[in-house]
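The values are calculated or read from the model by the stated rules, or taken from the named source; none is laboratory data. Quantities reported herein were computed from a predicted structural model and do not represent experimental measurements. Note: ideal-geometry Cβ built from the backbone for every residue, glycine included; neighbour counts use all protein chains shown. To get the accessible areas, we keep the full protein, side chains included, count just its heavy atoms, and leave off ligands, DNA and RNA. Shrake-Rupley method; radii C 1.70, N 1.55, O 1.52, S 1.80 Å.
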Amino acid sequence: MLDKSLPAAAHPGTRPAARIGIGGPVGSGKTALIERLIPVLVGRGVNLAVVTNDLVTQEDAERLRRSGLIDPTRVAAVEAGACPHTVIREDPTLNMAAADELEIRFPGLELVIFESGGDNLASTYSLDLVDWWMFVIDVAGGDDIPHKRGPGVLRCDLLVVNKIDLAPYVGVDLEHMLTEARQVRGDRPVLATNARTGQDVERVADAIQHAVLFAP
Ligand SMILES: Nc1nc2c(ncn2[C@@H]2O[C@H](COP(=O)(O)OP(=O)(O)OP(=O)(O)O)[C@@H](O)[C@H]2O)c(=O)[nH]1
Ligand SMILES: [Mg+2]
(Lines give C-alpha, C1' and ligand atoms only; values in the text may rest on other atoms or scores of the structure.)
(Ligands and ions follow the chains in the order given, each with its own letter.)
Protein backbone atom coordinates (compact mmCIF):
# COMPACT_ATOMS: atom_id res chain seq x y z
CA MET A 1 0.00 0.00 0.00
CA LEU A 2 1.37 3.43 -0.90
CA ASP A 3 2.00 5.89 1.88
CA LYS A 4 0.13 9.23 1.67
CA SER A 5 3.21 10.97 3.10
CA LEU A 6 5.27 10.16 -0.03
CA PRO A 7 4.56 13.43 -1.85
CA ALA A 8 5.48 15.43 1.24
CA ALA A 9 8.81 13.62 1.23
CA ALA A 10 9.18 14.60 -2.43
CA HIS A 11 8.81 18.27 -1.43
CA PRO A 12 10.27 18.54 2.06
CA GLY A 13 8.71 21.15 4.28
CA THR A 14 5.42 21.33 2.36
CA ARG A 15 2.09 20.10 3.64
CA PRO A 16 0.62 17.16 1.65
CA ALA A 17 -2.47 18.06 -0.38
CA ALA A 18 -5.85 17.39 1.16
CA ARG A 19 -7.71 14.64 -0.68
CA ILE A 20 -11.47 14.65 -1.09
CA GLY A 21 -13.82 12.22 -2.81
CA ILE A 22 -17.00 12.68 -4.80
CA GLY A 23 -19.13 9.56 -5.17
CA GLY A 24 -22.67 8.78 -6.24
CA PRO A 25 -24.85 7.03 -8.80
CA VAL A 26 -24.32 7.19 -12.55
CA GLY A 27 -25.27 10.56 -13.98
CA SER A 28 -26.09 12.28 -10.68
CA GLY A 29 -23.91 15.25 -11.65
CA LYS A 30 -20.47 14.50 -10.14
CA THR A 31 -18.49 15.85 -13.09
CA ALA A 32 -20.88 18.78 -13.52
CA LEU A 33 -20.32 19.67 -9.86
CA ILE A 34 -16.54 19.49 -10.33
CA GLU A 35 -16.85 21.74 -13.39
CA ARG A 36 -18.63 24.28 -11.19
CA LEU A 37 -16.37 23.84 -8.17
CA ILE A 38 -13.09 24.36 -10.07
CA PRO A 39 -13.60 28.07 -10.89
CA VAL A 40 -15.01 28.79 -7.43
CA LEU A 41 -12.10 27.13 -5.60
CA VAL A 42 -9.42 28.42 -7.98
CA GLY A 43 -10.96 31.89 -7.65
CA ARG A 44 -10.47 31.57 -3.91
CA GLY A 45 -6.79 30.78 -4.48
CA VAL A 46 -6.89 27.00 -4.00
CA ASN A 47 -4.15 25.10 -5.86
CA LEU A 48 -5.95 21.96 -7.04
CA ALA A 49 -5.92 18.89 -9.29
CA VAL A 50 -8.49 16.23 -10.18
CA VAL A 51 -8.42 12.43 -10.51
CA THR A 52 -11.38 10.94 -12.36
CA ASN A 53 -12.45 7.31 -12.36
CA ASP A 54 -14.32 5.72 -15.24
CA LEU A 55 -14.96 2.06 -15.94
CA VAL A 56 -13.03 1.43 -19.13
CA THR A 57 -12.53 4.90 -20.62
CA GLN A 58 -11.08 8.27 -19.64
CA GLU A 59 -14.25 10.07 -20.64
CA ASP A 60 -14.61 12.38 -17.62
CA ALA A 61 -10.90 13.24 -17.54
CA GLU A 62 -11.03 14.16 -21.21
CA ARG A 63 -14.15 16.26 -20.63
CA LEU A 64 -12.40 18.20 -17.85
CA ARG A 65 -9.19 18.57 -19.88
CA ARG A 66 -11.19 20.02 -22.78
CA SER A 67 -13.28 22.28 -20.54
CA GLY A 68 -10.77 25.12 -20.39
CA LEU A 69 -11.44 25.34 -16.65
CA ILE A 70 -8.17 23.75 -15.54
CA ASP A 71 -4.68 23.10 -16.88
CA PRO A 72 -5.23 19.71 -18.63
CA THR A 73 -2.09 18.28 -17.06
CA ARG A 74 -3.73 18.69 -13.65
CA VAL A 75 -6.33 16.05 -14.54
CA ALA A 76 -5.40 12.37 -14.11
CA ALA A 77 -7.55 9.40 -15.07
CA VAL A 78 -7.94 6.03 -13.40
CA GLU A 79 -9.69 3.26 -15.31
CA ALA A 80 -11.56 1.45 -12.58
CA GLY A 81 -12.38 -1.74 -14.46
CA ALA A 82 -15.53 -3.66 -13.63
CA CYS A 83 -16.15 -2.41 -10.15
CA PRO A 84 -15.91 1.35 -9.42
CA HIS A 85 -16.01 1.13 -5.62
CA THR A 86 -13.13 -1.37 -5.43
CA VAL A 87 -10.63 1.29 -6.47
CA ILE A 88 -11.93 3.90 -4.03
CA ARG A 89 -12.47 1.53 -1.11
CA GLU A 90 -11.06 -2.01 -1.05
CA ASP A 91 -7.86 -1.29 -2.96
CA PRO A 92 -7.36 2.41 -3.70
CA THR A 93 -3.74 1.94 -4.79
CA LEU A 94 -4.30 3.21 -8.35
CA ASN A 95 -5.96 6.37 -7.08
CA MET A 96 -3.31 6.96 -4.44
CA ALA A 97 -0.59 6.59 -7.04
CA ALA A 98 -2.36 9.03 -9.39
CA ALA A 99 -2.64 11.64 -6.62
CA ASP A 100 0.95 11.07 -5.49
CA GLU A 101 2.13 11.70 -9.03
CA LEU A 102 0.14 14.94 -9.24
CA GLU A 103 1.62 16.09 -5.93
CA ILE A 104 5.12 15.39 -7.16
CA ARG A 105 4.45 17.18 -10.44
CA PHE A 106 2.81 20.23 -8.84
CA PRO A 107 4.67 21.43 -5.74
CA GLY A 108 2.36 23.37 -3.45
CA LEU A 109 -0.71 21.43 -4.52
CA GLU A 110 -3.34 21.91 -1.79
CA LEU A 111 -6.30 19.83 -2.92
CA VAL A 112 -6.85 16.67 -4.96
CA ILE A 113 -10.47 15.97 -5.91
CA PHE A 114 -11.34 12.36 -6.80
CA GLU A 115 -14.45 11.54 -8.82
CA SER A 116 -15.50 7.92 -8.51
CA GLY A 117 -17.07 6.04 -11.38
CA GLY A 118 -20.87 6.11 -11.21
CA ASP A 119 -21.94 3.43 -8.78
CA ASN A 120 -24.77 2.31 -6.53
CA LEU A 121 -25.96 3.55 -3.15
CA ALA A 122 -23.55 1.26 -1.30
CA SER A 123 -20.50 3.04 -2.65
CA THR A 124 -18.20 4.56 -0.02
CA TYR A 125 -14.63 5.91 0.05
CA SER A 126 -11.77 4.48 2.08
CA LEU A 127 -10.31 6.97 4.52
CA ASP A 128 -6.90 5.62 3.45
CA LEU A 129 -7.56 7.45 0.19
CA VAL A 130 -9.44 10.61 1.17
CA ASP A 131 -9.70 12.90 4.16
CA TRP A 132 -13.33 13.76 3.48
CA TRP A 133 -15.91 12.78 0.87
CA MET A 134 -19.27 13.75 -0.46
CA PHE A 135 -22.00 11.72 -2.10
CA VAL A 136 -24.04 13.22 -4.93
CA ILE A 137 -27.57 12.00 -5.60
CA ASP A 138 -30.08 13.72 -7.83
CA VAL A 139 -33.70 14.62 -7.59
CA ALA A 140 -34.57 12.77 -10.78
CA GLY A 141 -33.21 9.53 -9.34
CA GLY A 142 -36.23 9.44 -7.04
CA ASP A 143 -37.25 11.13 -3.79
CA ASP A 144 -37.12 7.79 -1.98
CA ILE A 145 -33.30 7.55 -2.24
CA PRO A 146 -32.60 9.07 1.22
CA HIS A 147 -35.26 6.78 2.70
CA LYS A 148 -33.41 3.73 1.35
CA ARG A 149 -30.50 4.52 3.70
CA GLY A 150 -27.69 3.44 1.38
CA PRO A 151 -24.25 3.52 3.03
CA GLY A 152 -23.15 6.25 0.60
CA VAL A 153 -26.02 8.48 1.71
CA LEU A 154 -25.54 7.73 5.40
CA ARG A 155 -21.76 7.74 5.78
CA CYS A 156 -20.56 10.58 3.57
CA ASP A 157 -19.32 13.78 5.18
CA LEU A 158 -21.62 15.83 2.95
CA LEU A 159 -24.68 14.70 1.03
CA VAL A 160 -25.40 16.75 -2.09
CA VAL A 161 -28.87 16.56 -3.61
CA ASN A 162 -28.35 17.80 -7.16
CA LYS A 163 -30.63 18.71 -10.10
CA ILE A 164 -33.06 20.56 -7.87
CA ASP A 165 -34.33 22.35 -10.98
CA LEU A 166 -35.84 19.05 -12.16
CA ALA A 167 -38.07 18.52 -9.11
CA PRO A 168 -41.27 19.94 -10.66
CA TYR A 169 -40.78 17.86 -13.80
CA VAL A 170 -40.35 14.53 -12.05
CA GLY A 171 -43.02 15.02 -9.39
CA VAL A 172 -40.60 15.30 -6.48
CA ASP A 173 -41.39 17.25 -3.33
CA LEU A 174 -37.89 18.68 -2.82
CA GLU A 175 -38.48 19.92 0.73
CA HIS A 176 -39.73 16.49 1.78
CA MET A 177 -36.73 14.80 0.13
CA LEU A 178 -34.33 17.15 1.94
CA THR A 179 -36.09 16.70 5.29
CA GLU A 180 -35.88 12.94 4.95
CA ALA A 181 -32.21 13.16 3.95
CA ARG A 182 -31.46 15.23 7.08
CA GLN A 183 -33.41 12.79 9.24
CA VAL A 184 -31.58 9.67 8.03
CA ARG A 185 -28.23 11.44 8.39
CA GLY A 186 -28.85 12.50 11.94
CA ASP A 187 -28.59 16.17 11.02
CA ARG A 188 -25.21 15.80 9.34
CA PRO A 189 -24.85 18.20 6.40
CA VAL A 190 -27.05 18.04 3.32
CA LEU A 191 -26.87 20.63 0.54
CA ALA A 192 -29.15 21.06 -2.47
CA THR A 193 -27.58 22.19 -5.75
CA ASN A 194 -28.15 22.83 -9.41
CA ALA A 195 -24.77 21.98 -10.94
CA ARG A 196 -26.03 23.11 -14.31
CA THR A 197 -26.39 26.75 -13.24
CA GLY A 198 -24.02 26.63 -10.27
CA GLN A 199 -26.76 27.36 -7.74
CA ASP A 200 -25.39 26.81 -4.21
CA VAL A 201 -22.13 25.32 -5.46
CA GLU A 202 -20.41 28.06 -3.41
CA ARG A 203 -21.83 26.38 -0.32
CA VAL A 204 -20.24 23.08 -1.36
CA ALA A 205 -16.93 24.93 -1.80
CA ASP A 206 -17.39 26.47 1.68
CA ALA A 207 -17.90 22.99 3.15
CA ILE A 208 -14.74 21.66 1.43
CA GLN A 209 -12.61 24.59 2.56
CA HIS A 210 -13.95 24.41 6.07
CA ALA A 211 -13.44 20.64 6.33
CA VAL A 212 -10.00 20.15 4.80
CA LEU A 213 -8.41 23.52 4.00
CA PHE A 214 -8.90 25.01 7.43
CA ALA A 215 -10.92 28.00 6.24
CA PRO A 216 -13.13 29.59 8.93
N1 LIG B 1 -31.05 19.78 -15.08
C2 LIG B 1 -29.88 19.49 -14.52
N3 LIG B 1 -29.03 18.68 -15.16
C4 LIG B 1 -27.85 18.42 -14.57
C5 LIG B 1 -27.48 18.93 -13.29
N6 LIG B 1 -26.26 18.43 -12.97
C7 LIG B 1 -25.87 17.66 -14.00
N8 LIG B 1 -26.83 17.65 -14.96
C9 LIG B 1 -26.80 16.90 -16.23
O10 LIG B 1 -26.85 15.52 -15.90
C11 LIG B 1 -26.09 14.76 -16.84
C12 LIG B 1 -25.06 13.91 -16.10
O13 LIG B 1 -24.12 14.79 -15.46
P14 LIG B 1 -22.64 14.33 -15.15
O15 LIG B 1 -21.97 15.46 -14.47
O16 LIG B 1 -22.00 13.75 -16.37
O17 LIG B 1 -22.92 13.15 -14.12
P18 LIG B 1 -21.87 12.16 -13.44
O19 LIG B 1 -22.39 11.87 -12.08
O20 LIG B 1 -20.51 12.73 -13.53
O21 LIG B 1 -21.99 10.87 -14.36
P22 LIG B 1 -21.01 9.55 -14.37
O23 LIG B 1 -19.61 10.05 -14.19
O24 LIG B 1 -21.27 8.95 -15.71
O25 LIG B 1 -21.48 8.70 -13.24
C26 LIG B 1 -25.46 15.77 -17.79
O27 LIG B 1 -26.26 15.84 -18.94
C28 LIG B 1 -25.53 17.07 -17.01
O29 LIG B 1 -25.60 18.22 -17.82
C30 LIG B 1 -28.42 19.78 -12.63
O31 LIG B 1 -28.22 20.25 -11.50
N32 LIG B 1 -29.60 20.01 -13.29
MG1 LIG C 1 -18.75 11.86 -14.24
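Of note:
- Net charge of Cβ neighbours under 13 Å - reference residue 175; Lys, Arg +1; Asp, Glu -1: -2
- For region 1-134, the relative contact order comes to 42 percent (Cα pairs under 8 Å, sequence separation of at least 6).
- Counting only Cβ charges, +1 for Lys and Arg and -1 for Asp and Glu, the dipole size of the chain around its Cα centre is about 300 debye.
- Extreme residue, positive dipole direction of the chain, given options 190, 209, 112 (C-beta unit charges): 209
- Within region 32-69, the trypsin sites (Lys or Arg not before Pro) that combine a DSSP coil assignment with at most 15 other C-beta atoms in a 10 angstrom radius are 44.
- The mean sequence distance of close C-alpha pairs (under 8 Å, at least 6 residues apart), as a share of the length of region 108-216, puts its relative contact order at 24 percent.
- Counting only protein heavy atoms and a 1.4 Å probe, the chain has 44 square angstrom of accessible area per residue.
- Across 109, 127, 166, the residue with the most accessible area heads the list, and the full order at a 1.4 Å probe is 127, 166, 109.
- Fraction of accessible area attributable to carbon and sulfur, region 108-208 (%, probe 1.4 Å): 46 percent
- For peptides 141-149, 183-191, sequence by mean Cβ density within 10 Å, most packed first: 141-149, 183-191
- Order of exposure, largest accessible area first, which applies to 156, 83 with probe 1.4 Å: 83, 156
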